Amino acid sequence: QQQVKQSPQSLIVQKGGIPIINCAYENTAFDYFPWYQQFPGKGPALLIAIRPDVSEKKEGRFTISFNKSAKQFSLHIMDSQPGDSATYFCAASMGFGNEKLTFGTGTRLTIIP
Amino acid sequence: DAGVTQSPTHLIKTRGQQVTLRCSPKSGHDTVSWYQQALGQGPQFIFQYYEEEERQRGNFPDRFSGHQFPNYSSELNVNALLLGDSALYLCASSLGGVAEAFFGQGTRLTVV
């Protein structure tokens, strides 16, 4: 029940395309869903996060779509650029005192020029 | 404003040895969490420190221990190192009660 399942494992998209990465969870106690971007040899960087009371959140070129009834959420990257090539992780955590992050397995995204 | 800083960046140890990794949280943050990231995997939660106490612990053996100091900085200690402990060790800081966590660049530990 603690797992977060992420797909696809890898993704290749042409510059300007819209890569979509999907995650699913089982534990309905999760109430915070962040996405992290990680470059080789670096720590994960927080991109954008959402709570279950909204269905969509946009920050710049990044959008999270959230489907509470299906227990799924996804990351969309608009107008993708080669510099977006990185590994993306979805994660989930619960409330106060239980903020540990449970991560998905990651998606290696490559944007080709 | 410095973010989360970790030291050292790289470390090579021999099987059976002990290692200490250090983390300074982002300014204003009081909660530190440690994660282990094996190659090609997502980070796995080790434990979290808040108010100098271990508040949560993941599924890691007692060989993994930690400490938080009054200035909120933290150490991760691993005893009796195994080859399988080779990984990127990440420290994340947050403000108590707030879910948003920021990660350091990690310490790459290699056990030979």
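Over the protein assembly as shown, the pair-distance histogram of Cα-Cα distances with 5 Å bins from zero comes to 1, 7, 15, 18, 19, 16, 12, 7, 3, 1, 0 percent, rounded to whole numbers. Among A:78, A:94, the ranking by other beta carbons within 10 Å of each residue's beta carbon, starting with the fewest, stands as A:78, A:94.
Taking the Cα centre of the range A:1-87 as origin, work out the dipole magnitude from +1 charges on Lys and Arg Cβ and -1 charges on Asp and Glu Cβ, in debye rounded to 20.
60
Measuring spread by the Cα atoms of chain B yields a radius of gyration and Dmax of 13.1, 39 Å.
Taking trypsin sites (Lys or Arg not before Pro) as exposed when DSSP calls them loop and at most 15 other C-beta atoms lie within 10 angstrom, chain B has its longest site-free stretch at B:64-112. State which entries of A:15/B:13; A:58/B:26; A:68/A:100; A:71/B:13 exceed 32 angstrom in Cα-Cα distance in the structure shown. Correct reply: A:15/B:13; A:71/B:13.
Using Cβ point charges alone (K and R +1, D and E -1), the dipole size of chain B about the Cα centre works out to roughly 480 debye. Spread over its residues, the convex hull of the C-alpha atoms of chain A is 96 Å³ per residue.
Rounded to whole numbers, the Karplus 3J(HN,Hα) couplings from phi for the range B:65-78 are 9, x, 7, 10, 9, x, 8, 6, 5, 9, 10, 10, 10, 10 Hz, using 6.51 cos²θ - 1.76 cosθ + 1.60 with θ = phi - 60°, and x at Gly and Pro.
Coordinate-derived values only; no laboratory data. Everything numeric here is computed off the predicted structure, so don't read it as measured data. A quick note on method: Cβ atoms are made from the backbone with ideal geometry, for glycine too, and the neighbour counts reach across all protein chains shown.
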